[in-house]
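Asker: Okay, handing you the structure first.
The values are calculated or read from the model by the stated rules, or taken from the named source; none is laboratory data. No experiment lies behind these values; they were computed from the predicted model shown. Note: ideal-geometry Cβ built from the backbone for every residue, glycine included; neighbour counts use all protein chains shown. These area figures cover heavy atoms from the full protein model, side chains too; ligands, DNA and RNA do not enter into them. Shrake-Rupley method; radii C 1.70, N 1.55, O 1.52, S 1.80 Å.
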Amino acid sequence: MKMLFPHVATTRGVVVRVSVSFLPEQSEPAKGRWFWAYHIRLENEGPAAVQLLHRHWTITDGRGARHEVRGEGVVGEQPVIEPGASYDYVSGCPLQTPTGAMEGSYHMVSEDGSSFEAAIPRFPLIGPAVAR
């Protein structure tokens, strides 16, 4: 699992795993556009069901400019994740620089009504020309 999802954070039994891929077919470096897809897997290792209600991202580009993104759910859903179950989704991020990073949190509520912020681990966005 570590090879598929190298970036991991755990909060109150919710494991957030991230895999990221540069998408050259959606990038236009000559026009200052680089694009990545990221795959998120949320695993509930806790004893109670949890629901993801909101997301909060901090996206930092290669110049250090930060952009905050907040919204309801993920990819149009507010999934309920039962104990022992997981939820996967894929989304994307464009930048105007060939490098950057993302991190954030999910606002979760447990079936007992308690809420918490599940950490999304920081992960790098690195275009292939920079990685060489």
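Asker: Diagonalise the Cα gyration tensor of the range 1-67 and give the resulting equivalent ellipsoid semi-axes, square root of 5 times each eigenvalue, largest first, whole Å.
Answerer: Working through the eigenvalues yields semi-axes of 29, 15, 10 Å.
Asker: Once the Cβ-Cβ distance between E82 and E117 is put in as r, and R0 is 25 Å, what FRET efficiency do you end up with, to the nearest 0.05?
Answerer: The formula returns an efficiency of 0.75 here.
Asker: Loop only by DSSP, 11 or fewer other Cβ within 10 Å of the Cβ. Give me the trypsin sites (Lys or Arg not before Pro) in the range 2-49 that pass, ordered by residue number.
Answerer: Counting only loop positions with at most 11 other Cβ atoms within 10 Å, the trypsin sites (Lys or Arg not before Pro) in the range 2-49 are K2.
Asker: Next question. If you roll a 1.4 Å probe over the heavy atoms of the protein chains, what accessible area per residue do you get for the chain, in Å²?
Answerer: With the other protein chains kept in place, the chain gives 53 Å² per residue.
Asker: What is the distance, in nm, between label points placed 7 Å from the Cα along the Cα-to-Cβ direction at V69 and at Q51?
Answerer: 2.4
Asker: Right, another one. Please get the size of the charge dipole for the range 15-105, origin at its Cα centre, with Cβ charges of +1 on Lys and Arg and -1 on Asp and Glu, quoted in debye to the nearest 20.
Answerer: Using only the charged Cβ atoms, the result is roughly 380 debye.
Asker: Which residue, chosen from T11, G32, F22, occupies the Cα position most advanced towards the positive end of the dipole of the range 1-84, where the dipole is computed from +1 (Lys, Arg) and -1 (Asp, Glu) charges on Cβ about the Cα centre?
Answerer: The residue sitting most towards the positive pole is G32.
Asker: Going 7 Å from the Cα of T10 along its beta-carbon direction, which residues of the range 38-58 have the amide nitrogen within less than 20 Å of the resulting point?
Answerer: Backbone N within reach: 40-52.
Asker: Please report, to one decimal in angstroms, the Kirkwood hydrodynamic radius of the chain built from all distinct Cα-Cα pairs.
Answerer: Result for the chain, one decimal place: 15.4 Å.
Asker: Carbon and sulfur: what percent of the chain's accessible surface (1.4 Å probe)?
Answerer: 52
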